[in-house]
Amino acid sequence: MNKKFAIAIPAVILVIGIAIAYQMITERRILPVYSPSQLNPDLVDKELRNVKRNHRIPNFELIDQNGNVFSEKNLEDKFYVTDFFFTTCPTICIDMGKQLMRVQDKYKDLADFKIISHTVQPEIDSVPVLLEYAKLHDAISDKWIFLTGDKRTIYELARKAYFAATTEGDGGVDDFIHTENFILVDKEKRIRGYYDGTSETDVDRLIQDIAILNQEYED
């Protein structure tokens, strides 16, 4: 074999390898970080619609299905999917529960990932009720957390933190939220994605995005 040709082969391979690696890096999808100003104004509280950066999920304190206090401290160094439901819902919550079971099954071994479900009827969905609902959905207790507690706290989280609902209200007795939205939140408490929790196709996208977000923390 010609000596010059023999030297050229490794060089060509090296160039091709660098080109492929560069393409893989540049094509890797990074999830957006959502600010209130980027969202559908109908989802965002009027006071927050012009906020363009640095939105974070605020501190909170609620009760989980095991009767334990659950707060933002339990989510330190965790990323998660959250939703708002109620146990007696005869419509969208049934599909949402089935889809979250898919998410849990896919990522049950991913220690940094959680699912957080808030009841919008805390006056009905007590700790024992949530525990039974969790068992019905084969929820792993330290993976999929169901939260109840102060209604105003839950509703303020839904409207002013996660921007999960289009309706306005104050969390009072007659206030009610009904939403199919799943929200993906990163370890820095920033919103990274919205998904229709009744859609298998959209939850497929969520499942992919969880892997993408996890890759951010592994790099």
*Condition test on D170, is it assigned by TED's automatic domain parsing to the domain that holds L62, without any contact (Cβ under 8 Å) to a residue 12 or more places away in the chain and loosely packed, with under 14 Cβ neighbours inside 10 Å?*
no
*For segment 34-53, state whether one or more residues are in the same structural domain as R192 (by TED's automatic domain parsing), among the aliphatic types (A, V, I, L, M) and at pLDDT 95 or above.*
no
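Can you tell which of L147, L100 is in a helix (DSSP H, G or I) and in contact with a Phe, Trp or Tyr (Cβ under 8 Å, 6 or more places away or on another chain)?
On the way: L147 fails: in a helix (DSSP H, G or I).
Result: L100 is the single residue among L147, L100 that is in a helix (DSSP H, G or I) and in contact with a Phe, Trp or Tyr (Cβ under 8 Å, 6 or more places away or on another chain).
Which residue is surrounded by the most Cβ atoms within 10 Å (Cβ to Cβ), if the candidates are limited to segment 126-154 and must be free of Cβ contacts under 8 Å to residues at least 60 places away in the same chain and touching a Lys or Arg at 6+ places or on another chain (Cβ under 9 Å)? Walk me through it before giving the result.
Initially, segment 126-154 is screened for residues free of Cβ contacts under 8 Å to residues at least 60 places away in the same chain, giving 126, 128-129, 132, 135-138, 140, 142-144, 151-152.
The next check asks that each one be touching a Lys or Arg at 6+ places or on another chain (Cβ under 9 Å); those that pass are 137, 140, 142-144.
Numbers: H137: 15, I140: 13, D142: 11, K143: 17, W144: 22.
If we take residues in segment 126-154 being free of Cβ contacts under 8 Å to residues at least 60 places away in the same chain and touching a Lys or Arg at 6+ places or on another chain (Cβ under 9 Å), then W144 is surrounded by the most Cβ atoms within 10 Å (Cβ to Cβ).
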*Any residue in segment 164-172 that is assigned to a helix (DSSP H, G or I), out of contact with any His (no Cβ under 7 Å at 6 or more places or on another chain) and of a type in the set (A, V, I, L, M, F, W, C)?*
no
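Looking at the structure I just gave you, is D64 in the same structural domain as H137 (by TED's automatic domain parsing), surrounded by fewer than 15 Cβ atoms within 10 Å (Cβ to Cβ) and among the acidic types (D, E)? Write out each step before concluding.
Values: in the same structural domain as H137 (by TED's automatic domain parsing): yes; surrounded by fewer than 15 Cβ atoms within 10 Å (Cβ to Cβ): no; among the acidic types (D, E): yes.
Taking the combined requirement at face value, the residue does not satisfy it.
The values are calculated or read from the model by the stated rules, or taken from the named source; none is laboratory data. None of these values were measured; they are calculated from a predicted model. Quick reminder, even Gly has a Cβ in these numbers, built from the backbone with ideal geometry, and neighbours come from all protein chains shown.
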